Number of protein chains: 2
Amino acid sequence: MTDTSPRRRAGGRDARIAARAHAHVERQPFLTRTLKPFEVLDEEGLSLLEHNADTILQEVGLEFRGDPEALRLLQDAGADVQGVRVRFERGMARSIIQATAPRLFTQVARNPERSVRLGDPYTVLAPNYGSPFVRDLDNGRRYGTIEDFRNFVKLTYMTPYLHHSGGTVCEPVDVAVNKRHLDMVYAHMRFSDKPFMGSVTHPDRARDTVAMARILFGEDFLETNHVILSLVNANSPLVWDSVMIGALRAYAEANQAVLVTPFILAGAMGPVTAAAVCAQSLAEAMGGMALAQLVRPGAPVVMGSFASSLSMQSGAPTFGTPEPSLVLFAMAALARRLGVPFRSGGNLCASKVADAQAAYESAATFQPTILAGINFVLHAAGWLEGGLTIGYEKFILDLDQCGMASVFVKGIDLSENGQALDAIRDNGPGQHFLGSAHTLANFETAFYRSDTSDYNSFEQWSEEGAKDAATRANAIWKRMLAEYEAPPLDVATDEALMEFIIRRKASFPDSDV
Amino acid sequence: MTDTSPRRRAGGRDARIAARAHAHVERQPFLTRTLKPFEVLDEEGLSLLEHNADTILQEVGLEFRGDPEALRLLQDAGADVQGVRVRFERGMARSIIQATAPRLFTQVARNPERSVRLGDPYTVLAPNYGSPFVRDLDNGRRYGTIEDFRNFVKLTYMTPYLHHSGGTVCEPVDVAVNKRHLDMVYAHMRFSDKPFMGSVTHPDRARDTVAMARILFGEDFLETNHVILSLVNANSPLVWDSVMIGALRAYAEANQAVLVTPFILAGAMGPVTAAAVCAQSLAEAMGGMALAQLVRPGAPVVMGSFASSLSMQSGAPTFGTPEPSLVLFAMAALARRLGVPFRSGGNLCASKVADAQAAYESAATFQPTILAGINFVLHAAGWLEGGLTIGYEKFILDLDQCGMASVFVKGIDLSENGQALDAIRDNGPGQHFLGSAHTLANFETAFYRSDTSDYNSFEQWSEEGAKDAATRANAIWKRMLAEYEAPPLDVATDEALMEFIIRRKASFPDSDV
């Protein structure tokens, strides 16, 4: 397993490109947090939620549907299996996980300087996932295409503020459902050199992802390295279905990592109360993570939580409200106690466009994401409309928030230069610091520089067209795509990948499922 | 001093008005926080900043300009006074403050159910302060008028999410500078029954505020009650000027409360580094608060901090960036250690309009505001363009964020109903919770309901005109103003106030300063 030190600078052509766009930005392969997480529950409260999760696992149990092998593994480990219902003795799931699941692991990127560490005290930011629609200011909302998909992979590759290429950044609806995973995985491999996610929509597609990773990294590399991270969602409440179990098994068998994520809209897939959503999420996640450890002890798992509320008026999901924020903080603490990396959060919103609603809602999830000390953050950029849409402008605006987080997590510099007592002594009362030696020595790196905010005077802003944030972001993503240059990829490897894809695509007919 | 218990419901006609708008909202006179604040520095780091503040006070000192009486008080207390430069022995300012300044006090409102508690564990939210311009979608940006001022007082009165009427919510530029304080204070007294702030632009205007408060509350009431809270800013770096000292003295002499707030744009009024801004802010604030205690021991002081960064490119102030957020967290901790209530934060932004920039920036200040455990929050609604403008739509959107904070600070309900284990037991795997008894029993109060977010489907949102958040907010403030009904005010008191204002206005000519 390659261990990369944080804050190493990326080299080569892409670094020079980034240098043009972000002359002031130190490229970090992931964030290294220095601040203790914010806690919303004390020891007693967290123990109560753990107790309740165990009660759910023991009394109600989980259903593992359509996968006899999973049931066999669970039964052999001591679970009570009745049909597809699996009940765990109190503490059993936790013991299985804690026995073999790593607290911290490396996901290796094909550019080793882009490899990421998943676990404390690190945070890895990844783009939006799963949207069938895309939106930009020029063309409005439309179905996503493979061209859009590649665009977002390229934008993610270029920004210093996302550390991971993600997975299904949007659905490429112009490619057959049963073949698009090949094009998506290839796009991550070809147009970026950051770590990426695999397909989970069918166990065969998971195995295709593994096969392509073996071509990219070498046949044996995966036995001792984790190069794929994939998103496996529970079918809440309390169900793991055959597709997700199949993907989880395929990846765990290949020693690859899975994000095990209950997806609970409170009031629909779980009770309306935060404490219940937490206990249910923990129970579902522990069931899935225990299964992964039984499939292959030591295969990395990341505990996930995706929880939001339901508008009890319209029945639609809400985002950016206070209840899911409380759940997020509590779940992060529960994952720390369990001793596994944690995934949650993002720049989530219900808004249809990149307006004030989108930004308030996104910040109301993203700020807790950073303060809770989350390790892997999907949907850190681009999410609109409850995830139905990824927006180009929203993507750019979210990147800026990710950049700010990279500064915040470092905390306050208490060095002598940070204290700057001499600067205050030298200046004295009533004297401005604009020309002070300390200011001049530090001003290039003193403050985070926003790429998207306008700080000009009202008059200048008006003269320049009174552009709002989304309009400014529109110009930024177009400029970035125009400047994109692909990272180098070995020609033989590229040809082998293409050959694999062509052969696989030819081996079965197109299908819409 | 009237002590009001939190979460008491307001009665009367205004409560019925609010009930129509917010049938689901429990009206709280202020927030009662249940969560421990987020900390960015440990004991060692905070001690270092305190030490540095003492070093600044001892070695450099502060200037107290144009007020011989202030210098006399400080010298009598043991400070080293050379001209207007005042140096404090290490620990001296802290000792003076801790000897007599209250940790917690009540600001009494004319409706006692609206009185607020300033100090831990409470948070009081107040509107924007000091903007010469106003903006709305219909008329764009223009100078504020007394009509605008009254509108914002009315909107603040109506919302359950602001607890305080504030002060100079906008500058009523259509009234003479030297007389507008009379109209502003009267507007707070007449169109609201929430607590309010006094004039600080001249000691005479502070005394006018006190005189009007004596008419409203009764001649002797102020001797034992705090009914005015006023904003006194340092002229950073390290200067207290005569106008602010005069206002501070006028209010402290009358036993009224002052917010003692250094206002530091890092790079201009202080060094560019966060640790230096913190130490300088603490030094300046301690100097001002010590003076208030010497003027009248026990007169309430609230320690303030207003710190942001300067764009080192354009020279303009920035908002919503990570460095001021770190300062905010550290300053809140320093105030807790000093043992005085703390003011900072708000929904601050640099954006000219209520777009995504405005919302991201505002949230990047407001979320830390809530998580840092700040006691008094000015600028919680309406702020645009670095404070140059208050926006009607921005005001409405910010209120929604204030409402969400009121839910968040309560934390997670761990009652049996909150745990909802029976609901999970009864439902079992794969069964949705929409019709569960627990859901039905809780759905009306389970989730915060946004007044401004749109959760409809894309199709429905499009059919309704594809309105962005600002456009929806425009309709909300107009509806609120149309529904406004003034709280009752004793006719004799109202006449006495009017008589005072007419007499004062006639006693000196209009002036622009």
Handout entry: Selected from A:N225, A:Y186, A:G130, residue furthest toward positive end of dipole (region A:128-237; charges at beta carbon)
Key = A:G130
Handout entry: Overall Cα dimensions of the protein assembly as shown - principal axes, largest extent first, Å
Key = 95, 63, 50
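Assigning unit charges at the beta carbon (Lys, Arg +1; Asp, Glu -1) and nothing else, what dipole magnitude in debye, to the nearest 20, does the protein assembly as shown show about its Cα centre?
Approximately 260 debye in magnitude.
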Handout entry: Residues B:D422 and B:T100, FRET efficiency given R0 of 35 Å [Cβ-Cβ distance, rounded to 0.05]
Key = 0.05
Handout entry: Charge-dipole axis of region B:426-513 as Lys and Arg at +1 and Asp and Glu at -1 on Cβ define it, positive-most pick from B:P488, B:M498, B:H432
Key = B:M498
Exercise for the section: Could you pull the copy-to-copy label distances for B:E459, with points set 7 Å along Cα to Cβ, in nm to one decimal and sorted shortest first? Expected result: 5.2
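Could you tell me which GluC sites (Glu not before Pro) in region A:57-103 are loop residues by DSSP with no more than 15 other beta carbons within 10 angstrom of their beta carbon?
Working: sites: A:E59, A:E63, A:E69, A:E89; in loops: A:E89.
Answer in residue order: A:E89.
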Practice task
Working from Cα positions, state the angle (0 to 90°, nearest 10) between the long axis of helix B:392-408 and the longest principal axis of chain B.
Solution key: 80
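Quantify how strongly other chains surround peptide B:362-372 by giving the mean number of their Cβ atoms within 10 Å of each of its Cβ atoms. Can you show the working numbers first?
Values: counts 4, 11, 8, 0, 4, 8, 3, 0, 2, 5, 0.
Mean number of neighbouring Cβ atoms from other chains: 4.
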Completion exercise
Computed ³J(HN,Hα) along region A:103-117: with the Karplus parameters 6.51/-1.76/1.60, θ = phi - 60°, integer Hz and x for glycine or proline, the list is 6, 8, 8, 9, 9, 7, 9, 5, 9, x, 6, 9, 4, 10, 9
Fill in the blank from the handout: Filtered hits (lysines, Cα-Cα < 24 Å from A:K194, offset >= 8 within chain) -> A:K154, A:K179, A:K394, A:K410, A:K478
Fill in the blank from the handout: The rounded separation in angstrom of the Cα centers of region B:291-348 and region A:343-397 is 29
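Mind checking the dipole of chain A: about its Cα centre, +1 per Lys or Arg Cβ, -1 per Asp or Glu Cβ, Debye to the nearest 20?
Working: 48 positive and 60 negative charges, 134 e Å.
Magnitude of the dipole: close to 640 debye.
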Exercise for the section: Quick one: which residues, 5 or more positions from A:I228 or on another chain, have an amide H under 5 Å from its amide H? H modelled 1.01 Å from N in the peptide plane, none for Pro or chain starts. Expected result: A:A257
Practice task
Count, for each residue of B:391-402, the Cβ atoms from other chains sitting within 10 Å of its Cβ, then give me the mean as a whole number.
Solution key: 2
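What relative contact order, as a whole-number percentage, does region A:147-213 give when Cα pairs under 8 Å and 6 or more residues apart are counted?
Details: 76 pairs, mean separation 23.5, N = 67.
Over region A:147-213, the number comes to 35 percent.
With Rg and the Kirkwood Rh both taken from Cα atoms, where does Rg over Rh land for region B:253-407?
Details: Rg = 15.5 Å, Rh = 15.8 Å.
So for region B:253-407, dividing Rg by the Kirkwood Rh gives 0.98.
Efficiency by 1/(1 + (r/R0)^6): what FRET value for A:D510 and A:A441, r their Cβ-Cβ distance, R0 = 56 Å, to the nearest 0.05? Numbers along the way, then the final one.
Numbers: r = 62 Å, r/R0 = 1.11.
For R0 = 56 Å, the calculated efficiency reads 0.35.
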Practice task
Taking the Cα centre of region A:378-512 as origin, work out the dipole magnitude from +1 charges on Lys and Arg Cβ and -1 charges on Asp and Glu Cβ, in debye rounded to 20.
Solution key: 200
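Accessible area lost on pairing A with B, both sides, 1.4 Å probe, Å² to nearest 100?
Counting protein atoms only, the buried area is about 9400 Å².
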Handout entry: Using a 7 Å Cα-to-Cβ projection, B:P488 label spacings across copies, nm, ascending
Key = 8.4
Fill in the blank from the handout: Measuring from the longest principal axis of the C-alpha atoms of chain B, the long axis of helix B:12-21 (C-alpha) lies at a number of degrees, nearest 10, equal to 50
Fill in the blank from the handout: For the protein assembly as shown, percent of DSSP beta bridges that are antiparallel (nearest 5) comes out at 40
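Taking the Cβ of A:S242 as the center, what net charge do the other residues with Cβ under 12 Å away carry, scoring Lys and Arg +1 and Asp and Glu -1? Write out the running numbers ahead of the final one.
Numbers: positive: A:R65, A:R249; negative: A:E63, A:D67, A:E69, A:D241.
Cβ neighbours under 12 Å give a net charge of -2.
Can you tell me, using C-alpha contacts under 8 Å and at least 6 residues apart, the relative contact order of chain B as a whole percent?
Relative contact order comes out at 18 percent.
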Fill in the blank from the handout: The helix B:469-483 Cα axis meets the longest alpha-carbon principal axis of chain B at an angle in degrees, between 0 and 90 and rounded to 10, of 80
Handout entry: Accessible area (Å², per residue) of region A:47-181, counting only protein heavy atoms and a probe of 1.4 Å
Key = 33
Handout entry: Heavy-atom SASA rank of B:E385, A:E485, B:E463 (probe 1.4 Å, accessible area, largest first)
Key = B:E463, A:E485, B:E385
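For chain A, take the alpha-carbon Rg, divide it by the Kirkwood Rh, and send me Rg/Rh.
Values: Rg = 23.2 Å, Rh = 23.7 Å.
Rg divided by Rh gives 0.98.
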Handout entry: Centre separation in Å (Cα based) which lies between region B:444-496 and region A:424-488
Key = 35
Exercise for the section: Tally up the carbon and sulfur contribution to the accessible surface of chain A as a whole percent, 1.4 Å probe, everything protein left in place. Expected result: 51
Practice task
Provide the solvent-accessible area of A:T493, counting protein heavy atoms only and rolling a 1.4 Å probe, rounded to the nearest 10 Å².
Solution key: 30
Handout entry: Protection proxy ranking, peptides A:288-295, A:39-46, average beta carbon neighbours within 10 Å, highest first
Key = A:288-295, A:39-46
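I'd like the mean, over residues of A:313-324, of how many other protein chain beta carbons sit within 10 Å of each residue's own Cβ. List each step's numbers first, then the result.
Working: counts 4, 5, 2, 5, 1, 6, 2, 7, 10, 13, 8, 1.
Per-residue shielding by partner chains comes out at 5.
Could you work out the mean projected area of the convex hull around the alpha carbons of region A:188-229, in square nanometres to one decimal?
In nm², the orientation-averaged hull projection of region A:188-229 is 2.9.
Suppose R0 equals 60 Å. What FRET efficiency, 1/(1 + (r/R0)^6) with r the Cβ-Cβ distance, do A:K36 and B:D204 give to the nearest 0.05? Let's see the in-between values first.
On the way: r = 49 Å, r/R0 = 0.82.
About 0.75, to the nearest 0.05.
The values are calculated or read from the model by the stated rules, or taken from the named source; none is laboratory data. Here the structure is a predicted model, which means the values were calculated and not measured. Every residue, glycine as well, gets a Cβ built from its backbone with ideal geometry; the counts of neighbours run over all protein chains shown. Note: accessible area is taken over every heavy atom of the protein model, side chains too, but ligands, DNA and RNA are not part of it. Shrake-Rupley method; radii C 1.70, N 1.55, O 1.52, S 1.80 Å.
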